Structures are given as C-alpha cells and as structure tokens.
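Beneath this line is the structure, given in structure tokens, with notes to follow.
The values are calculated or read from the model by the stated rules, or taken from the named source; none is laboratory data. Everything numeric here is computed off the predicted structure, so don't read it as measured data. Glycine also receives a Cβ, built like all others from the backbone with ideal geometry; neighbour counts cover every protein chain displayed.
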Amino acid sequence: MQAKNQTIEAWCGALSSKAPVPGGGGVAAMLGALAACLASMVGHLTEGKKGYESFDEECSQLNGQALQLADRLLGLIDADAVAFKALMDTWKKGSGDEDYIAACRPSVQTVSEVSSVLGLLESLEKYGNRSVQSDVGIGAACALAALSSARINIMVNVQFMRSEEKRASLASLLEDDIPEESQRARAIISRVEEELTADERP
C-alpha cells in the first residue's frame, strides 16, 4: 500500500518495526510533506480574510502549489522504499556506484521539493495571516529537519562510492545547496520567533 493511503498509525507502526522500509529517507520526505501541508493550511487561513485581500490571488496559487508539493513528497516516501529495496538486492553481488546513486535520488528530489516549500513559507511569513505565523515557523522547522535528514541519507550512500567523480557529483548538494536551503529555513524560524516574542512585550 502506498504511504499516502496508509493511516498514520499504520505507517508509524511500519517505521518502528524491524522492516527495512520505511526508513530515514522516507522520514525526510514525510517531514517535507508536513512542511508543505502547514504552508497550505496557513494559505487557506489567509485567503479571503479581511486585511489580506491584496494577497488573495497569490495565496490561491500558493495553496495549489503547496498541495502539489505535499503529494509529490508523499510519493517520495514510496520512491525511497523502492530505491532502498533495489539497493539491498544488489548487495549480494556487490553494489556499484550507480546503485548507490540510484538510492540517493529520492532524497535528492526531496531536497528540491523542500526548497520549493521554503519559497512558499517565505511568502507566507511576509504576507500571511499573522495569527497563524507560529505554523509558518513550525513548517520551516519541518523543512529544516527534512533537509538535514535527506543530507544524512545521501551521505550514508556516498561513503560507499568508490569513484571520486561520482562522489564529487553530489558534493555541491551536500556542501553548498543543502546548507544554503537550511539557512533559509532557520531564517524563517528566527523571524517568526522574533515576531512572537515581540507580541509578548507590553
């Protein structure tokens, strides 16, 4: 059964079992999907609200994009499971670099999708309903966790690659792209926390 068609209890039960999948790569994608869902929630709570009319058209588009991203990220949970099972099948005969690269692909795609989610969260942090800014911050926290998890999942495969060229093909993603995207997420969290702290002041 596809992950997105399972109950939360069933999926978490599978995750906590001794079964090899779902695993860390699937969790990375799930965290990204949660970030996208929170973006959609904030968007829906902004669209049509008094005081946010100027953001309505963009918000409507944003909501659709967020749901599409969530759906793609949920799909990556299954893609990661398929990729890991394929890698396991090659272990008996000796996995090659291409096998490890294939195992990385779902997490690489997770990073790309989460980057798009961060773009939505940045817009919502600026223009979205102020009463649900905490959810923007939590969405960014989920995105940050997704990026960190995807990075680790890529690293665990890179360490087995024999070719320096193959390793280098992922170096920029690990050393530049993911840290940069992670900083975007941290910046959103920081701004939300600052706003929430300011709201507490007399």
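A few remarks follow.
- In the condition set (1) touching a residue at least 60 places away in the same chain (Cβ under 8 Å); (2) surrounded by fewer than 19 Cβ atoms within 10 Å (Cβ to Cβ); (3) not aliphatic (A, V, I, L, M), LYS92 is compliant with all but (1).
- Any hit, segment 124-139, residues being surrounded by 18 or more Cβ atoms within 10 Å (Cβ to Cβ), charged (D, E, K, R), in contact (Cβ under 8 Å) with a residue 12 or more places away in the chain and under 20 Å from GLN183 (Cβ atoms): yes
- Test: residue in segment 179-200 that is within 30 Å of GLU47 (Cα to Cα), in contact (Cβ under 8 Å) with a residue 60 or more places away in the chain and surrounded by fewer than 17 Cβ atoms within 10 Å (Cβ to Cβ): yes
- Long-range neighbours under 8 Å by Cβ, at least six apart or interchain, first residue on the phi > 0 side of the Ramachandran plot within segment 43-71, second charged (D, E, K, R) and modelled with pLDDT under 95: GLY48/ASP56
- Search result, residues across segment 1-19 that are in a loop (DSSP other than H, G, I, E, B) and polar (S, T, N, Q): GLN2, GLN6, THR7, SER16, SER17
- Once segment 142-166 is narrowed to residues that are of a type in the set (A, V, I, L, M) and within 11 Å of SER182 (Cβ to Cβ), the residue that is surrounded by the most Cβ atoms within 10 Å (Cβ to Cβ) is ALA150.
- Segment 160-183: number of residues that are in contact with an Asp or Glu (Cβ under 7 Å, 6 or more places away or on another chain) and in a helix (DSSP H, G or I): 1
- Residue satisfying condition, being over 17 Å from the mean Cα position of the chain (by Cα), farther than 19 Å from ALA28 by Cα and surrounded by 15 or more Cβ atoms within 10 Å (Cβ to Cβ), within set ASP56, ASP99: ASP99
- Members of segment 20-55 found to be modelled with pLDDT of 95 or more, of a type in the set (S, T, N, Q) and part of a helix (DSSP H, G or I), listed by number: SER40
- The residue list SER149, SER134 contains one member that is in a helix (DSSP H, G or I) and either in contact with a strand residue (DSSP E or B) (Cβ under 8 Å, 6 or more places away or on another chain) or over 29 Å from ALA198 (Cα atoms) (or both), which is SER149.
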